Amino acid sequence: MAESWSFLDAFEPNFRPLVVIELAKGTKEETLKWFTKRIVDKKANGGAQLLVKPLVTESGDENIYLVGASHLRLLLGAETVGLVKECNDNSMRTFTYSSRKTFKDFADDNHNFLTMAECQYIVKHELENLRAKDEKMIPGYPQAKLYPGKSIVRRLLTSGILVQIFPLHDREELKKLRQSWYGRVKVGYQPLDEIRCYFGETIALYFGFLEYFTFALIPMAVIGIPYYVFAWEDYDKYVMFATFNLLWSTVILEVWKRICAIMTYRWGTLLMKRQFEEPRSGFHGVLGINPVTGREEPVYSSIKRQIRIYLVSLPFVCLCLYFSLYVMMIYFDLEQWALDYHEENESNFSNLMLFVPSIIYAVVIEIMNRIYRYAAEFLTSWENHRLESSYQNHLILKVLVFNFLNCFASLFYIAFVLFDMKLLRQSLATLLITSQILNQFAESLLPYWLQKRHKKRMKKSISSLKTDTDLSLVEQVNLEKEMGTYFGTFDDYLELFLQFGYVSLFSCVYPLAAVFAVLNNITEIYSDALKMCRVYKRPFAEPTANIGVWQLAFETMSVISVVTNCMLIGMSPQVNALFPDSKMDLILTVALVEHLLLAIKFIMAFVIPDKPRDIQIKLARLEFESLEALKQQ
């Protein structure tokens, strides 16, 4: 590929803006010249060999730049990042410029061979890999230190010189996507391939999982409705429902792995090689030598990090868990007060008052979850993890532990300490429905309303501009740079994780949990689609082969659901009647059944392959061909 770079010219007659770079207002002229020169410089000189064009604003400041790339540059970049594309023989292979003619739909004049999301991902990769050579600092900013190999973009971000980098929307493509995605209410599948082409694999996989999970909930909902209608107070009959619940929670997660493999193979990300992780932008330490790369970079003692984790973060998390339990006990005091009030004043108003403590508690839970999330992010950042993956894993662990206890501790207490199935049913219904309403409002409706107001104000100010610049582009950039930033699928998966808990842990005492989950997810698909297309900036595409650590989180929840449902079955009068003389026999029997079900669950997980047979064969064939090619070399 090195030979191809020499033929690459920075000139491109039809400049297509892909990415926007916004620098801080008042950025020094020498900094602007140096940074833009590094972007357009040839690869041999340490540049990114991209195209840059300043966007003229009303004030005349040149702090916003549009970045693009020539068609040849993007093709060479596709090889650098290891994109996988479909060949003429219908196989999926890593793209190389030298063998470009063997790939389906490739032509020298076909600029749509790479999707816009892939082009923007390539540009982002090249910008992030702009590295300092012999510079000791950012020109014009002596306090912004550099060293050989340091990412220039990351230093500009941490120094506050670079405000943001974001990909531009394609108005025409976005309009088509909106129309096919949520433009009209319909019963059918989402256009996942189109979502992937526009937003990338990470976003498409989330919507694919949301859709799959919604369809998987339908059997639970269909079975739950008759239980609700005909056997509402007959808890004995919920034994069969709980048993079905156990098998359902295992099968859907194993089947999802296969569906995920099918989708990511078709998209090419199942075959993509894992790239070497660079230090995250917030990582800091004493300058040293990385023993793997041999490059200079910050080094931080792992002992210091462990001290921060176990002596500060862990006690803080435990303190938060204690506070959550304290709030839970206040909730039970309120429940007792509402029950006493109802017994003294039996009326319609007192009936309504029975639900008030649960509603208040559900609101408090959501507030506590959001406050704790900010604290967890601060602590995890303070722990100073070197890699983004390590940072994300520690953050997810902190958030999941707190959210699990905060949302489900009261239900466990009611079920296994108070043994009050009626209160369990009421609390589960109230917590589930209230949390769904609050999430829909906070994540979609409120941001959409605020964005709509801001858009009207921006259009008024844009229309008053007197400039020869393409107003449509100026308007688009100014509108998009003020839009909210989408911080990833973390909160979306967390919401589904908690919903899965409500459905799988205790739904045998409230069969309508799956019904409300289905209704919520249908509206969630439309509200999340609206959010992605109208509320937030377009996120950069991120190639991924699966849903990552969330698969493990859901599987852990399904294991816990086996234990809780077995205990609920053991508490039912129907099962208790089988052991009238010895409670110990009952406990041992329930424990035995629980272990057998867990064994069946793990056997099913082992027996059901993660990848379909045809994909296994295709992957094995590619590995064989790679080994044969190495032998010939």
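The values are calculated or read from the model by the stated rules, or taken from the named source; none is laboratory data. Remember, it's a predicted structure, so these values are computed and weren't measured experimentally. Neighbour counts are summed over all protein chains in view; Cβ atoms, including those assigned to glycine, are modelled from backbone coordinates with ideal geometry. Heads up: the accessible areas ignore ligands, DNA and RNA and are worked out on the full protein's heavy atoms, side chains in. Shrake-Rupley method; radii C 1.70, N 1.55, O 1.52, S 1.80 Å.
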Just to be sure I understand the filter: pairs with C-beta atoms under 6 Å, separated by 6 or more residues or on different chains, first member in the stretch 420-439 and basic (Lys, Arg), second member buried (at least 19 other Cβ atoms within 10 Å of the Cβ) and not in a helix (DSSP H, G or I). Which pairs pass? Arg425/Val509; Arg425/Tyr510
Under 25 Å from Phe412 (Cβ atoms) and modelled with pLDDT of 90 or more: is that true of Val327 in this structure? yes
For the stretch 516-545, which positions are open to solvent by less than 30 Å² (accessible area, probe 1.4 Å) and more than 18 Å from the chain's Cα centre (by Cα)? Ala517, Val518, Asn520
I'd like the residue in the stretch 555-573 that is open to solvent by less than 40 Å² (accessible area, probe 1.4 Å) and of a type in the set (A, V, I, L, M) and, out of all such residues, is nearest to Met263 (Cα to Cα). Met557
In the stretch 574-593, the residues that are open to solvent by 80 Å² or more (accessible area, probe 1.4 Å), part of a helix (DSSP H, G or I) and either in contact with a helix residue (DSSP H, G or I) (Cβ under 9 Å, 6 or more places away or on another chain) or modelled with pLDDT under 80 (or both): Gln574, Lys583, Ile587
If Arg305 passes every condition in (1) at pLDDT 85 or above; (2) surrounded by fewer than 13 Cβ atoms within 10 Å (Cβ to Cβ); (3) not hydroxyl-bearing (Ser, Thr, Tyr) but one, which one does it miss? (2)
Of all residues in the stretch 382-403, count the ones that are open to solvent by 50 Å² or more (accessible area, probe 1.4 Å), in contact (Cβ under 8 Å) with a residue 60 or more places away in the chain and assigned to a helix (DSSP H, G or I). 6
Kindly establish whether Thr264 is part of a helix (DSSP H, G or I), modelled with pLDDT under 90, within 30 Å of Phe209 (Cβ to Cβ) and open to solvent by less than 40 Å² (accessible area, probe 1.4 Å). no
Restricting the stretch 156-196 to residues that are of a type in the set (Ser, Thr, Tyr) and closer than 19 Å to Gly282 by Cα, the one most open to solvent (accessible area, probe 1.4 Å) turns out to be Thr158
For the condition free of Cβ contacts under 8 Å to residues at least 12 places away in the same chain and within 17 Å of Ser504 (Cβ to Cβ), what is the one hit in Phe602, Phe554, Phe606? Phe602
Could you check the stretch 457-511 and list, in sequence order, the residues that are at pLDDT 85 or above, crowded, with 17+ Cβ neighbours inside 10 Å and part of a loop (DSSP other than H, G, I, E, B)? Met483, Tyr486, Thr489
Could you list all residues from the stretch 134-176 that are touching a helix residue (DSSP H, G or I) at 6+ places or on another chain (Cβ under 7 Å) and without any contact (Cβ under 8 Å) to a residue 60 or more places away in the chain? Ala144, Leu146, Val153, Asp170, Glu173
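Quick grid of which residues meet (1) within 20 Å of Trp248 (Cβ to Cβ); (2) free of Cβ contacts under 8 Å to residues at least 40 places away in the same chain; (3) among the small types (Gly, Ala, Ser):
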{"position": "Ser572", "(1), (2), (3)": "yes, no, yes"}
{"position": "Ala577", "(1), (2), (3)": "no, yes, yes"}
{"position": "Thr589", "(1), (2), (3)": "no, yes, no"}
{"position": "Leu596", "(1), (2), (3)": "yes, yes, no"}
{"position": "Asp610", "(1), (2), (3)": "yes, no, no"}
Out of the residues in the stretch 158-182 meeting the condition of being of a type in the set (Val, Ile, Thr) and either assigned to a strand (DSSP E or B) or at pLDDT 90 or above (or both), tell me which one is farthest from Leu530 (Cα to Cα). Ile161
Mind checking whether some residue in the stretch 8-25 is more than 26 Å from Arg196 (Cβ to Cβ), open to solvent by 70 Å² or more (accessible area, probe 1.4 Å), aromatic (Phe, Trp, Tyr) and at pLDDT below 90? yes
Taking the stretch 312-361 as the search range and keeping residues that are of a type in the set (Asp, Glu) and part of a helix (DSSP H, G or I), which one is least open to solvent (accessible area, probe 1.4 Å)? Glu335
